[in-house]
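Read the structure below first, then the notes.
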Amino acid sequence: MMEKRNEELAEVREKKMREKNIVIHGKAESDEKVDEAFLQKLIKQIAVGSIKFKSFKRIGAMSDAKKRPILVQFYNTEDKYKVMNNLKNLKDAYLTDTDFSNLSVTDDYTSAERDIIKVFHQKAASLNENNTDQDYVYKVRGTPKNGMFLKKLRKLNA
């Protein structure tokens, strides 16, 4: 019983540590100065004003085959949510600036939250594999913070 409680407390502490962070996937490897210029350009593009980030770093093992994600830490959660809520402003930016193509920006999830996400994506993949209706596809919606679910969506080319 105490072990479970300790695990819950550790998870709460870890969430608290990560609440000011975002993770950017899909940006090609580059040196620190190029990454910093990219982050400043990204914040300017999404038009959220003069938000400053506290720190950033590439995470994961360096590899020629993979693009390591960038972990960005903000000074407060308000700045993080301004960025996250205005990501829609990047929607067409990739047409004029290739720096923004194939980017994915997410919250900094804990290991347990990433496991939940992985399970939902595996369920969606399984349903899509066994799906006889080729006009529809199953997608994961939501986040571990606000609840996740599978949704059956019509394919765009259908």
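Select from T106, I117, L153 the residue farthest towards the positive end of the dipole of the chain; place +1 on Cβ of Lys and Arg, -1 on Cβ of Asp and Glu, and compute about the Cα centre.
Going by the Cα projections, it comes out as L153.
Would you mind counting up the charge near S50? Only other residues with Cβ under 12 Å from its Cβ, with Lys and Arg at +1 and Asp and Glu at -1.
Neighbourhood net charge equals +2.
Applying a 10 Å radius around every beta-carbon, put 123-129, 145-151 in order of their mean neighbour count, most first.
My ranking of the peptides, most packed first, is 123-129, 145-151.
How compact is segment 40-102 by the rule of thumb for globular proteins, expressed as Cα Rg over 2.2 N^0.38 Å?
The value comes to 1.23.
Using θ = phi - 60° and the Karplus curve 6.51 cos²θ - 1.76 cosθ + 1.60, what whole-Hz ³J(HN,Hα) does each residue of segment 69-78 get, with Gly and Pro shown as x?
Whole-Hz 3J(HN,Hα) from phi for segment 69-78: x, 10, 8, 10, 10, 9, 6, 8, 5, 4.
With every protein chain kept in the model, how would you rank Y81, Y138, Y75, Y109 by accessible area, 1.4 Å probe, largest at the top?
Sorted by accessible area, descending: Y75, Y81, Y138, Y109.
Along Cα→Cβ, 7 Å out, is where each label goes; now give me the distance between the ones at N86 and K4 in nm to one decimal.
4.4
Counting only protein chains, not ligands or nucleic acids, how are M1, M62, M84 ordered by accessible area (probe 1.4 Å), most first?
Accessible-area ranking of M1, M62, M84, largest first: M1, M62, M84.
Starting from the Cα coordinates of the chain, work out the convex hull volume and express it per residue in Å³.
That works out to 162 Å³ per residue.
Rounded to whole Å, give me the distance from the Cα center of segment 1-52 to that of segment 63-113.
When both Cα centres are located, 8 Å separates them.
On the accessible surface of segment 1-153, probed at 1.4 Å, how many percent belong to carbon and sulfur atoms?
Looking at segment 1-153 in its full context, I get 51 percent from C and S.
Using only Cα atoms, figure out Rg for segment 95-158 and give it as a multiple of 2.2 N^0.38 Å.
Rounded to two decimals, the normalised Rg is 1.36.
Shape of segment 1-90 from its Cα gyration tensor (a ≥ b ≥ c, root eigenvalues): rounded if a/c is under 1.5, otherwise prolate when a/b > b/c, or oblate?
Judged from the Cα gyration tensor, segment 1-90 comes out oblate (a/c at least 1.5, b/c at or above a/b).
Using each residue's phi in segment 117-125, evaluate 6.51 cos²θ - 1.76 cosθ + 1.60 at θ = phi - 60° and report the 3J(HN,Hα) Karplus result to the nearest Hz, with x for Gly and Pro.
Karplus-based 3J(HN,Hα) across segment 117-125 equals 4, 4, 4, 5, 5, 5, 4, 4, 4 Hz.
Enter the accessible area per residue of the chain (Å², integer; probe 1.4 Å; all protein chains in place).
With all protein chains present, the chain gives 70 Å² per residue.
The values are calculated or read from the model by the stated rules, or taken from the named source; none is laboratory data. All figures in this text were calculated on a predicted structure; none of them were measured in a lab. Glycine gets a Cβ as well: all are built from the backbone with ideal geometry, and neighbour counts include every protein chain shown. Areas reflect the complete protein model, heavy atoms only, side chains present, ligands, DNA and RNA absent. Shrake-Rupley method; radii C 1.70, N 1.55, O 1.52, S 1.80 Å.
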